[in-house]
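Visitor: Pasting in a structure now, in structure tokens, and then I'll have a few things to ask.
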Amino acid sequence: MKMTLFRQLVQERGWTTIQTFGARFTAAARELAAETGERRLADVTVSRRTFDRWMSGDMKGMPQKDTRRILEHLFQQPIAWLFAPPPEPDTSTGTGTGTQEETPRSPLRPEPDRGGFHAEQFLLAREGAAVDRRRFLLAGGAAALPLRPGGGEAASIRDSYLAGAHVDAVLIHLREMWHMLVQSDNLLGPRYALHGVHQNLTVLQELLDSAVPPVRDEVLRLAACYAESAAWLHEDCAAGRDDVARAAYWTQQAMEWSVEVGDDTLTAWTLFRRAQQATAAGKATQSISLSRAVQRYAGVLTPQMRAAALQQEAHGYALAGDEITCHRLIDQAISFAASPESAGDGRSGHGDFATPAYLEGQRANCWLLLGRPDRAVPLLAASLSELPEIYRRDRGLIHARLATSYARTGEIDHAVEQAQLALAIARGAGSARTLHETITAVDAMGPANDNPRVAELAEAVAHGG
């Protein structure tokens, strides 16, 4: 028998029987199917004979494509590493306890002096537990690949990485980093994630210049995910028309790439993003129409994607002044809500933010659009108490909307308190969206501008205090 990384990991985890391994493999297959919308993945299984061959290392070739993807998802390792000899333990870092699982060193892992945002210590403190070091070295806006000497652009990888296991490793790395950038956005705000998203889009666009199917299909899917993220981050950072234009551009690019690869799930999600943009622009009929277009992809929508689309349609009806239809749609959305245990990193699929607490917060926002701040206050307060801490920016938006609601009902002291909390999050996260909502709240306090606390708040907003 040959010792491979696959065999080592299976033995370390106690998955040495086909029954145990098969159960883990099936769970990973279903998870990946839900994440990608590719339902066929959930039907992939492993026979006893195949498992025995993998354990012995007696293989004539790599597993088939879907099986490779599931194995990579299960172990979070490139397939080329799984069936190679395991790496030697790294003993150069001092006298560790030996209790933490070692992982192979990736040639794509950024060196400590590459610059960028290093989120590892912050995230370890937030989680309060030992965490896989490799995942958090990929977090935030850290540089994904070596930089050209004296330059700020990612070095060209087409010649050196566009073959065999190298491109597989690049895509696995970028896919993992996308999840960490999503989590970084939720925890820290858009400015920490946007740089990393654009760096990796540059890499993906270089690959698209030369990649041919089936490699191109995988690059397109990942590029569409990154483009959709870029659109969202530019919207959240939007300080002017340039960011709004960039958001529209990247939404359109995400849609083009998802249509090219035939990924209906991603196409539906880009339509959802366009519906959000229409709502933000106050275009009621377009918001309703685009939200309905999302729902026509019923065969690929996860429940949480359906929830997101329904609540977006509800906003269109709120803009149109149709209270009854608006709240009927929110009720429907809640029946499809995502689990509140979502990790906030997109691993459970698009729309994992659409938890019950989030949706009740959106119902409250609809009440504001309908001119009923009194109905919004209790819903926003309840949503704030239930929304997980991971969704920091969403909490900032709720603080701002609660401030607006209090201001419109004449509860100025409560309004100021909530606006101060929103402003702190907006400044800390670099979220222009939250800042704009906070300004709306301050404007709503206009009748009380002789109140010293309101004047102080307005000064802080105007001058960055």
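The values are calculated or read from the model by the stated rules, or taken from the named source; none is laboratory data. The structure displayed is predicted, hence computed values, not measured ones. Cβ placement follows ideal geometry from the backbone for every residue including glycine, while neighbour counts extend to all protein chains displayed. Please note that ligands, DNA and RNA were not included when accessible areas were found on the heavy atoms of the full protein model with its side chains. Shrake-Rupley method; radii C 1.70, N 1.55, O 1.52, S 1.80 Å.
Visitor: For region 264-275, does any single residue satisfy the condition of being touching an Asp or Glu at 6+ places or on another chain (Cβ under 7 Å) and either among the hydroxyl-bearing types (Ser, Thr, Tyr) or in a loop (DSSP other than H, G, I, E, B) (or both)?
Guide: Among the residues of region 264-275, at least one is touching an Asp or Glu at 6+ places or on another chain (Cβ under 7 Å) and either among the hydroxyl-bearing types (Ser, Thr, Tyr) or in a loop (DSSP other than H, G, I, E, B) (or both), which makes the answer yes.
Visitor: Filter region 48-91 for residues that are among the polar types (S, T, N, Q), open to solvent by less than 30 Å² (accessible area, probe 1.4 Å) and part of a loop (DSSP other than H, G, I, E, B) and give the result.
Guide: Gln77, the sole residue that qualifies.
Visitor: Can you find, within region 417-429, the residue that is modelled with the highest pLDDT among those that are over 16 Å from Ala381 (Cβ atoms) and buried (at least 20 other Cβ atoms within 10 Å of the Cβ)?
Guide: By that ranking, first place goes to Leu423.
Visitor: Going through Arg401, Arg433 one at a time, which residue ends up being within 20 Å of Ala357 (Cα to Cα), among the basic types (Lys, Arg), surrounded by fewer than 22 Cβ atoms within 10 Å (Cβ to Cβ) and out of contact with any strand residue (DSSP E or B) (no Cβ under 8 Å at 6 or more places or on another chain)? Working first, answer last.
Guide: Details: Arg401 fails: surrounded by fewer than 22 Cβ atoms within 10 Å (Cβ to Cβ).
After applying the criteria, what remains is Arg433.
Conditions (1) open to solvent by 20 Å² or more (accessible area, probe 1.4 Å); (2) in contact (Cβ under 8 Å) with a residue 60 or more places away in the chain; (3) of a type in the set (Ser, Thr, Tyr), marked per residue:
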| site | (1), (2), (3) |
| --- | --- |
| Leu220 | no, no, no |
| Leu233 | no, no, no |
| Thr285 | yes, no, yes |
| Arg306 | yes, no, no |
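Visitor: Shifting gears a bit: If the requirement is being open to solvent by 30 Å² or more (accessible area, probe 1.4 Å), touching a Gly at 6+ places or on another chain (Cβ under 8 Å) and under 26 Å from Leu171 (Cα atoms), which of these qualifies: Thr45, Thr26, Thr20, Thr4?
Guide: Selected residue: Thr45, the only one of Thr45, Thr26, Thr20, Thr4 that is open to solvent by 30 Å² or more (accessible area, probe 1.4 Å), touching a Gly at 6+ places or on another chain (Cβ under 8 Å) and under 26 Å from Leu171 (Cα atoms).
Visitor: Before we move on, is Gly351 crowded, with 22+ Cβ neighbours inside 10 Å, under 27 Å from the mean Cα position of the chain (by Cα) and assigned to a loop (DSSP other than H, G, I, E, B)?
Guide: Yes, satisfied.
Visitor: For region 418-464, which residues satisfy the criterion of being over 30 Å from Leu194 (Cα atoms) and part of a helix (DSSP H, G or I)?
Guide: Ala444, Gly446, Pro447, Ala448, Pro452, Arg453, Val454, Ala455, Glu456
Visitor: I would also like to ask the following. Just one of Thr26, Thr4, Thr45 is modelled with pLDDT of 85 or more, among the polar types (S, T, N, Q), more than 31 Å from the chain's Cα centre (by Cα) and over 22 Å from Asp264 (Cα atoms); which is it? Spell out the reasoning first.
Guide: Values: Thr26 fails: more than 31 Å from the chain's Cα centre (by Cα); Thr45 fails: more than 31 Å from the chain's Cα centre (by Cα).
Within the list Thr26, Thr4, Thr45, the selection yields Thr4.
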